[in-house]
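Let me begin by presenting the structure, written as structure tokens, before commenting on it.
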Amino acid sequence: MTTSIACASRARRPALLGGLLALLVLPAMASPAGTYVRTIEGEAPVSERCAEAAAHAGRHTASGIAVCTAAIWDAGRRTKTKAASLTNRALLYRSAGDVESAVDDCRRALALVPDHPETAVTCSAVYINSGAPRAAVNLLESAPLPAPGLQYRYYHNLALAHHDLGEYAQAYDYLQKTLAAKPGFAPAVELKKQYRVAGE
């Protein structure tokens with residue numbers, strides 16, 4: 001399943017105005033020599049081009065949406081590929097400012113893969129940025145914990161959602177978990193600066 005993972009950033013400085021950090025996750029396909037092989041011949045599959053476009057949301061967004069739309073059609077009955085392409089297109093819609101379409105794509109992706117943690121993390125970011133932090137909390141709390149390398153994004157999105165809801169104690173706890181999972185993660189460090197803990 002090729003997909004991009006995102007976390008929403010509450011530390012909304014001009015450099016991070018988009019509020020999403022996309023991480024491209026591609027399946028490892030190694031030749032005997034250990035080199036990465038995208039395709040055996042010809043052009044990369046449309047689902048991979050969709051993931052690449054989502055990883056670079058903000059550049060050529062309209063063409064990326066078109067590529068992801070083609071990937072959704074191309075996926076046919078391949079549920080995981082279709083869900084990944086919907087999730088990636090959601091990131092692109094969000095980058096283009098079309099929050100309604102982004103949320104709709106997330107709902108469709110989650111209906112296809114309800115227990116996929118990476119989809120939950122990405123769609124929680126979309127929900128947070130669409131002004132629906134409670135939906136983000138509900139989604140993440142019902143999703144399995146992602147692999148250790150992505151747990152900091154899961155915790156960070158929970159911190160942001162609780163922060164937006166005014167649930168500051170929970171937000172702070174999740175900021176602590178974020179930084180334990182990924183020390184120095186800049187968006188979490190910036191958000192944590194807004195908190196003062198009694199006795200510290």
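Structure above, values below:
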quantity	calculated
Estimated dipole of region 44-113 in Debye, rounded to 20 [Cβ of Lys and Arg +1, of Asp and Glu -1, Cα centre]	220 debye
Extent along principal axes [Cα atoms of region 137-199; Å; largest to smallest]	34, 24, 18
Sites R134 and A169, calculated FRET efficiency, Cβ-Cβ separation with R0 22 Å, nearest 0.05	0.85
Accessible-area ranking of E167, E100, E141, largest first, probe 1.4 Å	E100, E141, E167
1.4 Å probe accessible area per residue over region 42-200, in Å²	46 Å²
Surface share of carbon and sulfur [accessible, 1.4 angstrom probe, percent] for region 137-199	53 percent
Distance between modelled label sites at Y195 and A70, nm, 7 Å Cα→Cβ extension	4.5 nm
Scattering profile of region 43-104 at q = 0.23, 0.24 Å⁻¹ [log10 I(q)/I(0), Debye over alpha-carbon scatterers]	-0.81, -0.88
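The values are calculated or read from the model by the stated rules, or taken from the named source; none is laboratory data. As the structure is a computational prediction, the values presented were derived from the model and not from experiment. Positions of Cβ are generated from backbone atoms using ideal geometry, with glycine treated the same way; all protein chains shown enter the neighbour counts. Accessible surface areas use protein heavy atoms only, side chains included; no ligands, DNA or RNA. Shrake-Rupley method; radii C 1.70, N 1.55, O 1.52, S 1.80 Å.
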